[in-house]
Amino acid sequence: MTIVRVQHIGIAVKDFQGTLNKFEKVYGLKARDFRDDQGKGMQHDSRILLGNDCWIHIVHNWDPNSRVYQFVENVGEGLEHIALETDDIESDVQRIRDMGVPIFQDKIFDANDGYEAFVYPEDGIGFTIELIQPHATSWTYPEDVGQEAISDTMGLLRLHHIGVGVDDLKSACERFENLFGLPARDFRDDQGQGMQLDARVLLGNECWLHIVQNWNPESRVNKFLQERGQELEHLALQTDTIENDIGYLNENGIPIYQDKIFDANDGYEAFVYPDDGVTFTVELIQPHSHSWDYPED
């Protein structure tokens, strides 16, 4: 199994145009590549580029039999899956099958965006994983997009990490490595006022999965777990102008969690909740010199 990178993060929404408007109004993130010919003609979708060869894939689907529609009905709007790009999907899927783990509909789909296969939350670590191998008709990351800010109004540069809340860190990390060949590293037990275990899984394009187990009943992550269970919890977007960004949000009437920028070990952090932004929590993060970075090796 060779995972190349995280290619995209899928979000499922009820109001397609309304969600796109919120992304642009709140974060200055513009959608592109609009389609209305996917999902048997019962889907609207587009994407928002995240700066490091990956994107958010925004999907509204009204086919009652579709995977995305059922997610919205059963769970609600929000972060629905992450897509891991592979260079050998046939071997990867066969390896997962040999472990006795089911693949959605037991097939590799030849879709417009590539060859695709899905491992469901109950068989993974609480959220859907898409394996994708691009082909000739697939979206690719535009070559003319440089390293400038991805936002028209804020200093957002790229996807920094994807936050996941779990009940058992050790078990989740072992399961993820067994399924996808991606080991966890940088384990910590000194975060969250001593009531948190966390680690990260490098995803190949200067971002990572941040896996967190927290048992502080007052913490943001624990409250999310109690309400939603194991699931994708937030996206963290890196900025180099966090004070200006929060000033911009305040000027536009967008509240941030506890009305403060946290000086945490991983950087200066601020959070915009779903009801005030888009359909999921967004963390703005400006790393310190001592914060986790992406290893050069």
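The values are calculated or read from the model by the stated rules, or taken from the named source; none is laboratory data. From a predicted model like this one, the values you see are computed outputs, not experimental measurements. All Cβ positions, glycine included, derive from the backbone under ideal geometry; neighbour counts span all protein chains shown.
Please work out which residue is modelled with the lowest pLDDT, limiting yourself to region 191-201 and to residues that are in contact with a Ser or Thr (Cβ under 9 Å, 6 or more places away or on another chain) and either outside any helix (DSSP H, G or I) or surrounded by 19 or more Cβ atoms within 10 Å (Cβ to Cβ) (or both).
Looking at residues that are in contact with a Ser or Thr (Cβ under 9 Å, 6 or more places away or on another chain) and either outside any helix (DSSP H, G or I) or surrounded by 19 or more Cβ atoms within 10 Å (Cβ to Cβ) (or both), I get GLY192.
Sort out which residues of region 192-230 are charged (D, E, K, R) and on the phi < 0 side of the Ramachandran plot, and write them in order of number.
Those that are charged (D, E, K, R) and on the phi < 0 side of the Ramachandran plot: ASP198, ARG200, GLU218, ARG220, LYS223, GLU227, ARG228.
Restricting attention to region 170-190, does a residue exist that is touching a residue at least 24 places away in the same chain (Cβ under 8 Å), buried (at least 21 other Cβ atoms within 10 Å of the Cβ) and under 26 Å from TYR27 (Cβ atoms)?
no
Which residue, of GLU80, GLU116, is buried (at least 18 other Cβ atoms within 10 Å of the Cβ), closer than 27 Å to GLY277 by Cα and at pLDDT 95 or above?
That would be GLU80, the only listed residue that is buried (at least 18 other Cβ atoms within 10 Å of the Cβ), closer than 27 Å to GLY277 by Cα and at pLDDT 95 or above.
Considering each residue of region 27-41, count those that are of a type in the set (Phe, Trp, Tyr) and outside any strand (DSSP E or B), and give that number.
Looking only at that region, the number is 1.
Outside the structural domain of LEU202 (by TED's automatic domain parsing) and within 28 Å of GLU206 (Cβ to Cβ) - does that describe any residue in region 96-106?
yes
Can you tell me which residue among ASP15, ASP45 is over 25 Å from ILE246 (Cα atoms), of a type in the set (D, E, K, R) and in contact with a strand residue (DSSP E or B) (Cβ under 7 Å, 6 or more places away or on another chain)?
Exactly one of ASP15, ASP45 is over 25 Å from ILE246 (Cα atoms), of a type in the set (D, E, K, R) and in contact with a strand residue (DSSP E or B) (Cβ under 7 Å, 6 or more places away or on another chain), namely ASP45.
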